[in-house]
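S.K.: I'd like to ask some things about the structure below.
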Amino acid sequence: MRTPDAAATAANHLSTTGTSFTATPREFGVGARLTLAVMADDYIDVILGALEHADATGLEVQTGKVSTYVSGAEQDVLRYLSQVIAAAGRSGAHVAAAVHLSRGCPGGVSCEIPAGGAALYSEIPQLEPTGITAAADWAIYPLADGGPGSATADHMRDIYAAIDYAKSTGVTVTEDHYVTRLDGDVAQVLQTIAAGWVLIGRSVQHVVTHATLSINSPTAS
């Protein structure tokens, strides 16, 4: 576990302030895609019930054949994801949730971003504990080497700093092949995933992060 001072150092590597660029999260392409898989005979009721009862205030939500698209402020997006995934987990079935978070997508259908690598400052979402434990395989991708002013991006530096920051959050962090493993409450895991995404996004325009969460897994590890 890193000390608070060390965690602050990691966060400083990931963030910058002072940019004059402003945009709404939706204009900047902040959003998520969520795919739920529920290993139970009543999977339809579990999935649709979880989607129906989550708080979608302030969000645009579109559910398709493959995934559910969610767009809005980071706090609202993560609240929605946490509620949906935890609700599915409360069914007692084995649940797998594939989460894709993106911000600053170039050329995306919902993005209106100026040229020059403008980044968007956002606060790290804060989520209420759910009481549901999850394991997650997590990866993060800063998709630019360059940034506003003196904030020159370095994708590997930022990835390692995001992992270091995760170690300060209270989740269990384990290195694994191609991913970083996170274990903890669903809300805590999602908040940790969002932290790296938001902190890197303060200096890098386009940042994507992927995670697969597993709840009630039939395997022991």
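The values are calculated or read from the model by the stated rules, or taken from the named source; none is laboratory data. These numbers come from a predicted model, not from an experiment. A quick note on method: Cβ atoms are made from the backbone with ideal geometry, for glycine too, and the neighbour counts reach across all protein chains shown.
S.K.: Would you pick out the residues in the stretch 182-196 that are part of a strand (DSSP E or B) and either free of Cβ contacts under 8 Å to residues at least 12 places away in the same chain or hydrophobic (A, V, I, L, M, F, W, C) (or both)? Write out each step before concluding.
M.R.: First, pick out the residues of the stretch 182-196 that are part of a strand (DSSP E or B): 182-185.
Across the stretch 182-196, the qualifying residue is only 182.
S.K.: May I ask you to say which residue of 131, 149, 117 is in a loop (DSSP other than H, G, I, E, B), small (Gly, Ala, Ser), at pLDDT below 95 and surrounded by fewer than 17 Cβ atoms within 10 Å (Cβ to Cβ)?
M.R.: 149
S.K.: For the stretch 172-181, enumerate the residues that are part of a strand (DSSP E or B) and without any contact (Cβ under 8 Å) to a residue 24 or more places away in the chain. Lay out the reasoning, then the answer.
M.R.: Taking the stretch 172-181 as the starting set, the residues that turn out to be part of a strand (DSSP E or B) are 172-176, 179-181.
Once the filter is applied, which keeps residues that are part of a strand (DSSP E or B) and without any contact (Cβ under 8 Å) to a residue 24 or more places away in the chain, the stretch 172-181 yields 172, 173, 174, 175.
S.K.: Continuing with the same structure: Name the residues in the stretch 174-196 that are closer than 17 Å to residue 96 by Cα and surrounded by fewer than 22 Cβ atoms within 10 Å (Cβ to Cβ), would you?
M.R.: Of the stretch 174-196, the ones closer than 17 Å to residue 96 by Cα are 179-190, 193.
Passing the criteria: 179, 181, 183, 184, 185, 188.
S.K.: Residues that are surrounded by fewer than 16 Cβ atoms within 10 Å (Cβ to Cβ) and over 18 Å from the mean Cα position of the chain (by Cα): list the strands (runs of 3 or more DSSP E) wholly contained in the stretch 44-113 that include at least 1 such residues. Break it down stepwise before answering.
M.R.: Numbers: elements: 60-63, 68-71, 94-103.
Ranges flagged: 60-63.
S.K.: How do the pairs read when you match residues in the stretch 67-80 that are over 14 Å from residue 28 (Cα atoms) with residues anywhere that are among the acidic types (Asp, Glu), using Cβ under 9 Å and keeping only pairs 6 or more apart or on different chains?
M.R.: 69/60; 75/123; 76/55; 79/55; 79/128; 80/55
S.K.: Follow-up question, since we're still on this one. Just to verify a result, which residue in the stretch 196-221, among those that are of a type in the set (Gly, Ala, Ser) and touching a Leu at 6+ places or on another chain (Cβ under 9 Å), is modelled with the lowest pLDDT?
M.R.: Narrowing the stretch 196-221 to residues of a type in the set (Gly, Ala, Ser): 196, 201, 203, 211, 214, 217, 220-221.
When the remaining residues are screened for being touching a Leu at 6+ places or on another chain (Cβ under 9 Å), the result is 196, 201, 203, 211.
Values: 196: 96, 201: 90, 203: 86, 211: 98.
The qualifying residue modelled with the lowest pLDDT is 203.
S.K.: Test residue 204 against the criterion of being assigned to a loop (DSSP other than H, G, I, E, B), in contact with a strand residue (DSSP E or B) (Cβ under 8 Å, 6 or more places away or on another chain), within 13 Å of residue 103 (Cα to Cα) and not acidic (Asp, Glu), and give yes or no.
M.R.: Details: assigned to a loop (DSSP other than H, G, I, E, B): yes; in contact with a strand residue (DSSP E or B) (Cβ under 8 Å, 6 or more places away or on another chain): yes; within 13 Å of residue 103 (Cα to Cα): yes; not acidic (Asp, Glu): yes.
Considered against the rule, which asks whether it is assigned to a loop (DSSP other than H, G, I, E, B), in contact with a strand residue (DSSP E or B) (Cβ under 8 Å, 6 or more places away or on another chain), within 13 Å of residue 103 (Cα to Cα) and not acidic (Asp, Glu), residue 204 comes out as yes.
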